[in-house]
1. With the Cα gyration tensor of the chain giving a ≥ b ≥ c as the square roots of its eigenvalues, does the rule (a/c under 1.5 for rounded; else a/b larger than b/c for prolate; else oblate) give rounded, prolate or oblate?
2. Between beta-carbons, use under 14 Å as the cut-off and find the net charge around residue 425, counting Lys and Arg +1, Asp and Glu -1.
3. Rounded to the nearest whole Å², what accessible area per residue is found for segment 112-197 with the 1.4 Å probe?
4. First select every other residue whose beta carbon is under 12 angstrom from the beta carbon of residue 294; then total the charges, Lys and Arg +1, Asp and Glu -1.
5. For a protection proxy built on the mean count of beta-carbon atoms within 10 angstrom, sort 137-149, 86-98, 29-41, 266-278 highest first, please.
6. Would you mind telling me which residue in 321, 387, 245 has the biggest mean-square fluctuation in a Gaussian network model of the chain, where springs connect alpha carbons within a distance under 10 angstrom?
7. Treating only the Cβ atoms of Lys and Arg (+1) and Asp and Glu (-1) as charged, compute the dipole magnitude of the chain about its Cα centre; round to the nearest 20 debye.
8. For the chain, with all protein chains present and a 1.4 Å probe, just round the carbon and sulfur fraction of the accessible area to a whole percent.
Amino acid sequence: MTVDAVKNIEDLAQFVCDSPVSYLAARTVARRLQAAGFTELNETEPWQNEVAVGRHFVMRDGAIIAWAGGRRAQKASGYRVLGAHTDSPSLKLKPSSSVTAAGWHQMGVENYGGALLNSFLDRELRAAGRLTVLREDGTLQDRYVVTGPLARVPQLAPHLDHKRNELTLDKQFNMYPIWGVDDTENDVLAYLAQQTIDEGGPVDPEQIVGYDVLFADAQEPRRFGRDGEFFASGRLDNLSSVHAGLCALERYVAENADEDSAHTVMLAGFDHEEIGSETRSGAAGPFLEDVLVRLSQARGESQDKYRRSLADSVCLSADAGHLVNPNYQGHHDPTVRPLPGAGPLLKINANQRYATDAVGAGIFAAACKAADVPYQEFVSNNNMPCGSTIGPITATRLGMRTIDVGIGLLSMHSMREMCHVHDMAYLTRAVEGFYRL
């Protein structure tokens, strides 16, 4: 186990802990970018011409886009975009969420994305997200909230149902977490109002007019295995890719590569991929296009030159993929069988559920060669459904050549996913190689 790989995975572990939901993930990325010399821009304010060069970022709800503009970049020069998503499957707090049943206080929740619901059972959960408050001056403000271990979805004992190993969960009736008993207060919002983590102190519950609060595993990530080569954590799909893009961007600007570059490198962390991306902060929304258009205007580009810059651009769509599960080998392709620790996956699908084509495969091969890292191909079993990513969405919206990649996981969409430590380090270096092409 190399020192760099261990340092990288320890940094990822802290990043995951700081990013229990998309809103906090974007906030964590923003704080690290500010430490690396990036300046935050506001979408509602004018952007000056100089934003086309230098280091900047903009946030939109649970999404963030950052860029380092090359000092030698000319009009119509392209972008190198690392695209990922900040959200993960979870349970989300419903309206009128305070529920009491059989003496237990519970929280009303609904499914967010395609979570493996059984993995949420019998785990201590923490709540995190944003509360929107209506201030006395009539303006709205988002306040961030994170709790410690707070709730748990209890599984039924086998003594009460001898078919419990044939587990079927009712999404409406079996997934409400418990968090208190009858002699305690059962006002979820009042409790969350006391758990704000930003400046300003607790919130008046009466001022809360909306909220986006989800649940995350309270157990910290950790290495395991005979030689500590494996890594178990929540939300590796897809914080693994966000972290790889962030670390690669930090290293890129630390070496002042942006000042000599003839193109602009970009990290785009979108929200809502797990529910289809069709939101204002999702990849199917206008966020990336809005930023690119405004950068083009700052460059003084004509419409023709803007289109030429897109034609000269490449997006590396980074999202976690699948390793072969040894207990379910028949669900995988019989000949293309990626191995743990053998490098990131180049994801390929004939029906363009992944956006990789032959030219894109060559670009990724060149990036990996430049970074001196191995990579391996992934393709689905023909009899199994193939998931998709932001890759085809980005290619369709912008006409930008797009390549789908990511680290391999076991237990994807579980509360606790796993990967190989080396694969995370390899992906980070591959993204660095991509930024430098």
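1. Verdict is oblate for the chain.
2. Once positives and negatives cancel, what remains is -3.
3. Accessible area per residue, segment 112-197: 58 Å².
4. Summing Lys and Arg as +1 and Asp and Glu as -1 gives -4.
5. Those peptides, ordered most packed to least, come out 266-278, 86-98, 29-41, 137-149.
6. Comparing 321, 387, 245 in a Gaussian network model of the chain, the most mobile one is 387.
7. Result for the chain is approximately 1240 debye, rounded to the nearest 20.
8. 48 percent
The values are calculated or read from the model by the stated rules, or taken from the named source; none is laboratory data. All values derive from a computational prediction rather than experimental measurement. Virtual Cβ from ideal backbone geometry, glycine too; neighbours counted across all protein chains shown. SASA here: full protein model, heavy atoms, side chains in, ligands and nucleic acids out. Shrake-Rupley method; radii C 1.70, N 1.55, O 1.52, S 1.80 Å.
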